[in-house]
Amino acid sequence: MNKKIKLISVLFIGLLMMFMTACGSSNETGGGSNDSGESSASKGNSGGVEVGIVLPTRDEPRWVQDEERFKAALAESEYNTEILFSQGSSANERENVETLINRGVDVLIIAPHDGAAAASSVAAAKAEGITVISYDRLVTDTDAVDYYVTFDSIAVGEAQGQYLIDNANGTGIPLYLYAGASSDNNAFLFFEGAWKVLQPKIADGTFVIANSSEAEALQAKADLTREEYGRILGQVTTNWDPSEAINKAQTQLTAASDDLKGDVAILAPNDGTARSIADVFAADNEITSYFITGQDAEIASIQYIIDGKQSMTVFKDVRTLVQDAIGMAIDVLDGKTPETTGSYNNGNVDVSAKQTNVIVVDQENVKSELIDSGYYEASQFTGLE
Ligand code: BGC
């Protein structure tokens, strides 16, 4: 009799454990997907996930582009992968990383929402023996990042600044400065690249800073410290948010004196914010013309460029970045050491990096660079000759 009770309770405990495991794993799936959606490019043959990918948000076309390009590239691969979005939240991001750790990934590819806040998440992954690849945005202040795949972000900013210089006519041109989020290391690199080329042209009177007292205070200085860049960014940040960019541009244009209107130049950090800022400037009767920069070659911005509403974008070929990231992940899975081209300091260590070049696109070359190259199809746009 006693034996029977023992057997029943062992069976019962066994069933209970199976039930709890099932609940646990379905919770993980829920946590990982948030309301952000989860997409899987897995083959589903071995069941486990070898490569986990975490992207910052689905709300910006830039990162949806990355997802699409990852899926296209992974369709050919034999490895199981999973892509999760963090929807602009470090807490979601942490959950996503934990989900992937629990799924047993060997490699984590992550574009952090907030570079410093992601440090503890990647440390948790590293502690499980997972190889961490920072994707496009660097995870900062940790030694838990193994590799970094990136575009040349200083070159992005230089190209934006140079475009404004090449199109500058005369002197005393009002220059409106905008930047990305201070929580993104790239925002500093873009601004630094732009400052490098623009500062001498501010010093010689070609441009007059229109919307940042911090930048004005530093305008005689070619090389700024991170803290000095931080002061300017604190004033001109859009937080990568198109609505915040609209509000900032509207407030600043309302406050601007007549000599800061007319023909102006605008340093906008990316396409999403560029379209918002361009709309505000286009609607102001006292703005007679503007040149405005961007980056990412988002479809909506390519249409803006064709329509003459945005002047340029910096095309960062996501296909190459995706290939580099997957190539690295596969090398790691195969026990090889990935090839790198340099390194980036993340405030804690030098992270071995593979860097990709960027291309300036405006009305002149939009067709050859983006359509003839097969990146987009002509049918996605109107008014393209
Ligand atoms: C990326 C840009 C993007 C921006 C906003 C940056 O880290 O490099 O391509 O536009 O984040 O998401």
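The values are calculated or read from the model by the stated rules, or taken from the named source; none is laboratory data. Because the structure is predicted, anything quoted here is derived from the model rather than measured. Neighbour counts are summed over all protein chains in view; Cβ atoms, including those assigned to glycine, are modelled from backbone coordinates with ideal geometry. When the accessible area is computed, the model is the full protein with side chains, heavy atoms only, and any ligands, DNA or RNA have been set aside. Shrake-Rupley method; radii C 1.70, N 1.55, O 1.52, S 1.80 Å.
Miscellaneous remarks
- Residues being of a type in the set (D, E, K, R) and surrounded by fewer than 18 Cβ atoms within 10 Å (Cβ to Cβ) - total across segment 153-177: 1
- Residue within segment 108-124 that is more than 26 Å from GLU60 (Cβ to Cβ) and either within 16 Å of the ligand (Cβ to nearest atom) or charged (D, E, K, R) (or both) present: no
- Single residue of segment 344-367 satisfying the filter (more than 16 Å from the ligand (Cβ to nearest atom) and open to solvent by 70 Å² or more (accessible area, probe 1.4 Å)) that is nearest to the chain's Cα centre (by Cα): ASN345
- Odd one out for ALA283, checked against (1) open to solvent by 20 Å² or more (accessible area, probe 1.4 Å); (2) touching a residue at least 12 places away in the same chain (Cβ under 8 Å): (2)
- Candidates ALA217, ALA210: the one that is open to solvent by 10 Å² or more (accessible area, probe 1.4 Å), out of contact with any Phe, Trp or Tyr (no Cβ under 8 Å at 6 or more places or on another chain) and more than 17 Å from LEU189 (Cα to Cα) is ALA217.
- Residue check, GLY129 more than 15 Å from the ligand (Cβ to nearest atom) and open to solvent by 40 Å² or more (accessible area, probe 1.4 Å): yes
- Number of the exception - LYS71 against (1) among the basic types (Lys, Arg); (2) crowded, with 18+ Cβ neighbours inside 10 Å; (3) under 23 Å from ASP317 (Cα atoms): (2)
- Of all residues in segment 220-245 being within 23 Å of ILE173 (Cβ to Cβ) and open to solvent by 30 Å² or more (accessible area, probe 1.4 Å), the one that is nearest to the chain's Cα centre (by Cα): GLN235
- GLY308 meets each of the listed conditions (1) under 17 Å from the mean Cα position of the chain (by Cα); (2) farther than 14 Å from GLN160 by Cα apart from (1).
- Qualifying position, being surrounded by fewer than 22 Cβ atoms within 10 Å (Cβ to Cβ) and of a type outside the set (S, T, N, Q), among ILE109, ILE101, ILE83, ILE53: ILE101
- Residue within segment 180-196 that is touching a residue at least 40 places away in the same chain (Cβ under 8 Å), away from the ligand (no atom under 12 Å from the Cβ), more than 23 Å from GLN250 (Cα to Cα) and open to solvent by 10 Å² or more (accessible area, probe 1.4 Å) present: yes
- Subset of segment 250-270 that is away from the ligand (no atom under 13 Å from the Cβ) and assigned to a loop (DSSP other than H, G, I, E, B) - its residue that is most open to solvent (accessible area, probe 1.4 Å): SER257
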